[in-house]
Amino acid sequence: MERATDPSVVGLRAETEMDADVEVAGARAVAPEEAMRLMFEREKADAARRGAEAQLADAKHINSAQMPHNRIHLQALAAERRNQGRRVILQHIHNAFNITEEDMRKAAASGRTRNVASFLFFAVLVGVEIDFLGFVMGVVQYWSFDGDGSIIVKGVLIAMPCSFVIALLLYMCYLDHPAPPQATHTHPAPMNLPGVAHIDVAPQPRKAKSGRLLVRESIPLHFYHFLPLCRMVLLVKSIERHDVEAIFRINSLSSFTFGVAQIVAIIFTVVVAGEPITVFVKINLGSQVLNWAITVMYFMTPIAKLMKDAIAVESLEYNIQSRLKRDQEKWVKIVMDAGPLAAQAVLSDDDVASTVYDGGNPEVAAFKRQIEEEIRCLSGADLHLGPLTITEITGLRKHLYRLEIESYAKV
C-alpha cells in the first residue's frame, strides 16, 4: 500500500532543491572572476620577483665592476702607509748616522771651496807661462841696452836662465830619487862556550842620520812641468797632487831666476837709464807682480796644501761617483732582465715567478746585500734595511760616502 505524500512537504522539497540549484549556478558564475583575481596576483608576484632578481643581478654586476677599483684603492692606501713608514725609518736612520741637512750644506760649501782652489791652480799655471814668455819677449830689448850697467844686465840675462837649467838638472839627476834601503850590519857570531846556550844575534839596522818624518816629500818632475808651452798638457791630463807641488816649485824657481833677471834689467834700463816703458816692460812688470805674489803665497800660506787636497779630494769624489753610477747601471740592468725572466717562468708553467721586489731574484738579493755591507762599514751600525727600497738605500749610501769624503778632506 503506497504511502500518501503530503502536498505541502512535496512543495517544500521542490523549493529547497530549486534554491540549491540557484546557489550552484551562482557559485559557477563567481568562480571565473576569482580565478582572474588570483591569476593577476600571481602574475604581479612573478613580476615583482623578476624585478628583484634583475635588481640583484644589476647589483652583482656593479659590485663586480667596482671590485677591482676598490682593490686598487686599498692597495694604494697600503702602499702609501708603507711609504710613510719607510720615510719615518729613513729619517731615524739619518739621525742615527748623523746625516742632517746642515751636514749636507757644509759639504756643498766645502765642495765649492775646493772648486775655487782647483781654479787657482790653473791661474798659477798661467802665471808661470807668462813669466817665461815675458822674459823671452823682453830679453831682446834688455840685451840691446848699452848704458851704465849693461855688463851687469847681460851677465844676469845669461846667469839666471843657466841657473834655472842647472837647478833642474841637479834635482832630476841626483835629488829626485828615493833613498836607498838602509844598510844593516851584523855582529860577529858568538863563540859556543861549554854550558852556555847558543845565542843568535839578529841584524840591526844602522841608525839613520835623520828621520824620514822630518824630510819633505820628493816631487817627481816631468818635462811638462818645466818646459814652456808643454805645461799646457796639464789642462787636459788628470792632475795629481805632485803636479800642484811641482808647478809651485817651478814657479818659485822661475821667480828667483827669470824674475830676478827681468827685475834687474828693468831697474837698469828704465829706472837708471830712463828708457821708455814699452809694452814688453809692462808685460814683465805684470808677470812679476803675479809670480811673486804666487811665490809669497806658496811659502807663507797653506795655499799649496789646499790645492793638493782639492785635487786629491776631487779625484776621490770622482772615482766614488763613478762607482755609484756603475752600480746604478747594474741595478737598472737587473730590473730590465727581471721582467723577461718572470715572463719566461710563467710561460714555462713555473710556480715560482720571481720579480725584483719579492726577494726571489738572487741578483737583487746580492746587490742589496752589497750595499748594506758598504753602509755598515761606513756607518759602523748594523741595521736591517729590508723595508727600504733600493733607491732609498743607494741614496743613504751616497750621503755616507759624501761624509767620508769630507772627513778625508779635513785630514
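The values are calculated or read from the model by the stated rules, or taken from the named source; none is laboratory data. Since the structure is predicted, the reported quantities are computational estimates derived from the model, not experimental observations. Cβ placement follows ideal geometry from the backbone for every residue including glycine, while neighbour counts extend to all protein chains displayed.
May I ask you to verify whether THR269 is modelled with pLDDT under 90, closer than 23 Å to VAL156 by Cβ, surrounded by 15 or more Cβ atoms within 10 Å (Cβ to Cβ) and more than 26 Å from the chain's Cα centre (by Cα)?
yes
Determine which single condition VAL264 fails, assuming it passes every other condition in (1) at pLDDT 90 or above; (2) within 26 Å of TYR318 (Cβ to Cβ).
(2)
So, in the range 253-275, how many residues would count as being over 27 Å from LEU221 (Cβ atoms) and not aromatic (Phe, Trp, Tyr)?
10
Go through VAL271, VAL264 for me and flag whichever is without any contact (Cβ under 8 Å) to a residue 24 or more places away in the chain and either in a helix (DSSP H, G or I) or of a type outside the set (Ser, Thr, Tyr) (or both).
Just a single option satisfies the conditions, and that option is VAL271.
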